[in-house]
């Protein structure tokens, strides 16, 4: 079975669980982003237990390493 490699999606919308503010952001391709300050309320978001980054926890698209099935920060 042949699988094709696809370029990762780099845009993700983060939604703050505290105030509901949503913001489109571009994800880094070479590292996980562990912290994100909400542009609405200023809350510092951290990944949920078991997630590698804020995009995997609060974004509409998981981070590029997870998209590539490599695991994050490897």
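The values are calculated or read from the model by the stated rules, or taken from the named source; none is laboratory data. Computed from a predicted structure; not experimentally measured. We place every Cβ from the backbone using ideal geometry, glycine too, and count neighbours over all the protein chains shown.
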Exercise for review: Kindly indicate whether residue 50 is more than 9 Å from the chain's Cα centre (by Cα), part of a loop (DSSP other than H, G, I, E, B) and at pLDDT below 85.
Suggested key: no
Practice item. Could you grab me the full set of residues in the stretch 4-34 that are loosely packed, with under 11 Cβ neighbours inside 10 Å, more than 10 Å from the chain's Cα centre (by Cα) and at pLDDT 95 or above? Key: 20, 24
Exercise for review: Within the stretch 62-73, identify whether any single residue is at pLDDT 95 or above and under 10 Å from the mean Cα position of the chain (by Cα), and answer yes or no.
Suggested key: no
